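Colleague: Have a look at this one.
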Amino acid sequence: MDELKSASQFDDLPHKWVDVVVDYLRGFRNDTTDFNRPQLRPSVRHTYPAFVCGYSALIMAGALCNAYVLAIVARKRLYAADPVYVYVANLAVTGIVECVSVLPISLMVLLVQNWIFGRFLCFFLPMLQDVPTHVIMLTFLLMAIDRYKHLKHPNKMRLPPLACTFGCWIVAFCIVLPYPVYTAYLDLGVYIKVQFEGVGICAVNMADDMQDYLRSLFVLTYLIPLVSMGYLYSKMSDILRDLMNVPAVFYSQEITPRLAKLEVSETYENSRHFDLTFMICVWLAFVPTVTTPLLFVAWNSDSSTKDRIRSYFKRTKVTAEQATRTVSTEGLAARNSIYTVQESIPA
């Protein structure tokens with residue numbers, strides 16, 4: 001690969017890409033010859049089977065759980081009884097989209113060092129990754145607004161759930177439309193003919209205007225909806241408390257100051273820690289695709305099912321306590337036997 005790094009290889013490259021390409025090639029081993037095939041990141045060379053198993057389990061469990069939620073809502077026609085179930089079904093559809101499309105492609109991109117997925121996926125993948133997130137946030141916000149309006153004005157017409165769910169998807173797509181403006185793709189096969197046909201570099205244009213765009217996106221699509229949901233649920237709690245005549249309970253918590261380092265530069269020496277940490281965080285970010293439908297199933301179960309679940313956990317707890325008590329009794333008997341033997345030995 002040393003011959004690829006010669007200056008003659010970069011004569012035709014745009015000047016702004018030269019440093020990017022050189023840094024990109026430095027990430028490969030010197031004996032790398034076939035860049036058209038997926039090249040595993042060195043940082044995950046020994047741990048990628050664990051990530052593949054973890055992501056695969058999350059994909060299968062998330063897809064099955066969300067499909068089960070959809071089946072419950074459709075079979076029992078819950079959407080006809082309460083509009084909230086339409087939003088629940090929308091969350092299940094979004095979870096299936098994440099498990100079937102977003103997670104597998106994201107895992108492939110995280111494991112493979114060279115970009116072999118083409119120009120289209122370079123621009124489309126960031127949009128595909130963020131659309132479900134925006135849909136989920138907007139759906140939860142609409143659920144909070146609908147519940148608050150229904151508690152505040154029970155005789156008024158509720159929000160049309162089907163139109164609102166379609167609106168969530170439209171708004172989510174509109175939010176991610178500017179993404180291609182801040183994404184850049186370089187086809188290395190055009191400039192470096194040897195071994196780079198079909199290989200490119202997909203990069204994010206970290207300009208000043210993009211940082212402002214990301215800050216505004218964080219405030220508009222995450223912070224404001226989160227604060228709004230917290231306010232609405234607190235108001236709903238007050239309404240329900242007034243209906244039930246339950247006294248309010250206040251909690252106080254001391255806040256201790258913390259000192260945090262705002263930035264840590266990523267280098268080839270510490271890239272392994274960055275890659276592993278990022279892959280774990282991505283896995284944790286998609287765990288709600290499993291936990292959310294499970295919470296819905298538990299919430300929607302009848303009293304007999306809940307009683308069976310409680311009895312199962314009670315039996316499990318009793319069995320564990322009995323096993324612990326048995327081990328403790330055996331350990332005490334063993335210690336007593338040791339003491340008895342020691343006392344029987346003449347001095």
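Colleague: HN-Hα J couplings of the range 144-155 from phi, Karplus 6.51/-1.76/1.60, θ = phi - 60°, integer Hz, Gly and Pro as x?
Modeller: Each residue of the range 144-155 in turn: 5, 5, 5, 5, 5, 4, 5, 6, 6, 10, x, 8 Hz.
Colleague: May I have the extent of the alpha carbons of the range 45-126 along their three principal axes, as whole Å values ordered from largest to smallest?
Modeller: On the principal axes, the range 45-126 reaches 51, 29, 14 Å in Cα extent.
Colleague: Any chance you could look up the accessible area of Ile224 with a 1.4 Å probe, heavy atoms only, rounded to 10 Å²?
Modeller: 80 Å²
Colleague: I've got another one for you. Going from the alpha-carbon gyration tensor of the range 63-183, what semi-axes, largest first and in whole Å, does one get by taking the root of 5 times each eigenvalue?
Modeller: On the way: eigenvalues 218, 63, 16 Å².
Whole-Å semi-axes of the equivalent ellipsoid: 33, 18, 9.
Colleague: Roughly what would the spin-label model give for Arg119 and Thr277, points 7 Å off Cα along C-beta, in nm?
Modeller: Distance between label points: 3.6 nm.
Colleague: Across the range 289-296, in residue order, what do the Karplus-derived ³J(HN,Hα) couplings come to in whole Hz, using 6.51 cos²θ - 1.76 cosθ + 1.60 with θ = phi - 60° and x for Gly and Pro?
Modeller: Going residue by residue, I get 5, 9, 5, 4, x, 5, 5, 5 Hz, with x marking Gly and Pro.
Colleague: How large is ³J(HN,Hα) for each residue in the range 235-241, as worked out from phi by the Karplus curve 6.51 cos²θ - 1.76 cosθ + 1.60 (θ = phi - 60°), to whole Hz, x for Gly and Pro?
Modeller: Computed from phi, the couplings for the range 235-241 are 5, 5, 4, 5, 5, 5, 5 Hz.
The values are calculated or read from the model by the stated rules, or taken from the named source; none is laboratory data. These numbers were taken from a predicted model, which means no experiment stands behind them. Please note: Cβ atoms are built from the backbone with ideal geometry, for glycine as well, and neighbour counts cover all protein chains shown. Quick note on the areas: whole protein, heavy atoms, side chains included, nothing else; ligands and nucleic acids left out. Shrake-Rupley method; radii C 1.70, N 1.55, O 1.52, S 1.80 Å.
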